[in-house]
Amino acid sequence: KYNEDSAPEVAYVIKSCGADIVGLCELDSCTLRSAWVNQIEEIEGLLGRRWKGVFGSAMPFGGGKYGVGVVSRLPILNSFLVPLPRFDGSEPRACLAVETRDFWFAVTHLDFTGGEARGLQAELLSAALKERCKGKPVFLAGDFNSTPDDPVVMRLLEDWELLSSSAPTYPSDAPRVCIDHIFRLREGTSPRVKAEVVGGDVAESASDHLPTLVRLAQ
C-alpha cells in the first residue's frame, strides 16, 4: 500500500532514477488535507539546491489548491498553465508547461470518469502546446487515464509520438494497465530512447502509480 505522505519516497525515486526533469500529478498546495504543506516545495527541498519546482493549479481545494507540477534540475526559463475545463468529467484539470534551454516539458492529468472529457482536454492542451511552444522539442508527460489503444491516445498520436513503455503502471502494488505516458511532439527525426517503468518497493509505496521513465540518447 502506498504512503499518502510520501514526499521522501518520491524524492528518493527521482534521485535513484537520475532524472533531469519530472512531471508530478495529484499535488496539494497548502490544503487542509496535506496539513497546509506546499508539496512541490517540499519535494524540491528534499531533492536539493539544484532542483526547482513549479506548481500548476487545476482547481481550488481544501483551503488551498490542487493540481500538477514539475521539478527540474535544469534551469527553468519560463512556464505557463493551460486550464482544462471539466466538460462532462469529474473536475477541472490543467496542463503545466515549462521551458528549459533545450526543450519544453509539459505535464497533465486528464479526467478519469468521462471519456469525452478526456478527449476534449487532450485536444485543448495539444493545441495550446503546439501554438505556444515554438523553436524547441516539446515533451508531454502525465496520467492520461487512457491506455495506449484508447481513442484519446490514438488522437494524440496524430501529432505526438509515444516514447514511454507500454508496461502497466497502475495500480503500483499490482499494475494491470498502462495509463501514464510520455510523448514528444512530432518533428524531424525521432529520438533514440530507452523507456522503462520503474518498480521496486520504494516506487510502489511512493504513489499508487509506478513512475514511467524515458532516457534520451546523447
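FRET efficiency for the residue 195 to residue 33 pair, using the beta carbon distance and R₀ = 45 Å, is estimated at 0.85. Between 186, 50, 73, the Gaussian network model of the chain with springs among Cα atoms under 10 angstrom shows the greatest mean-square fluctuation at 50.
Amide H to amide H distances under 5 Å link residue 178 with 169, where only residues 5 or more positions off or on other chains count and H is placed in the peptide plane. Remark: the residue 17-residue 174 segment gains 54.4 nm on full extension, using 0.36 nm per residue and subtracting the alpha carbon distance. What a 1.4 Å probe finds exposed on the stretch 64-218 is 51% carbon and sulfur by accessible area, rounded to a whole percent.
Here the contact order of the chain, divided by its residue count and restricted to Cα pairs under 8 Å and six or more residues apart, works out to 17 percent. Surface analysis of the stretch 1-95 yields an accessible area of 52 Å² per residue, using protein heavy atoms and a 1.4 Å probe. The simple spin-label model puts a point 7 Å past each Cα toward its Cβ; for residue 149 and residue 208 those points are separated by 2.5 nm. Pairs from the list 65/130; 52/136; 15/130 with a Cα-Cα gap above 25 Å: 65/130; 15/130.
Assuming a ≥ b ≥ c are the square roots of the Cα gyration tensor eigenvalues, decide whether the chain counts as rounded (a/c under 1.5), prolate (otherwise, with a/b larger than b/c) or oblate. Verdict is rounded for the chain. Length available on full extension from residue 78 to residue 90: 0.36 nm per residue minus the Cα-Cα distance, which gives 1.3 nm. The charge dipole of the chain, taken about its Cα centre with unit charges on the Cβ atoms of Lys, Arg (+1), Asp and Glu (-1) only, comes to about 860 debye.
Note that the stretch 171-180 has calculated 3J(HN,Hα) couplings of x, 5, 7, 7, x, 10, 10, 9, 10, 10 Hz, one per residue in order, obtained from phi through the Karplus relation 6.51 cos²θ - 1.76 cosθ + 1.60 (θ = phi - 60°); glycine and proline are x.
Using a Förster distance of 22 Å, how high is the FRET efficiency between residue 166 and residue 127, based on the Cβ-Cβ distance and rounded to 0.05? Step by step, r from the Cβ atoms, then E = 0.30. Residues whose amide H lies under 5 Å from that of residue 61, counting only those 5 or more places away or on a different chain, are 66; hydrogens are built 1.01 Å from N in the peptide plane. Comparing mean-square fluctuations of 168, 60, 85 from a GNM of the chain with C-alpha springs under 10 Å, the top value falls on 60.
The values are calculated or read from the model by the stated rules, or taken from the named source; none is laboratory data. What you see is a predicted model, and the numbers here were worked out from it, not measured in a lab. So basically every Cβ, Gly included, is an ideal-geometry build from the backbone, and we count neighbours across all protein chains shown. Just the protein is used for accessible areas: all its heavy atoms, side chains included, with ligands, DNA and RNA removed. Shrake-Rupley method; radii C 1.70, N 1.55, O 1.52, S 1.80 Å.
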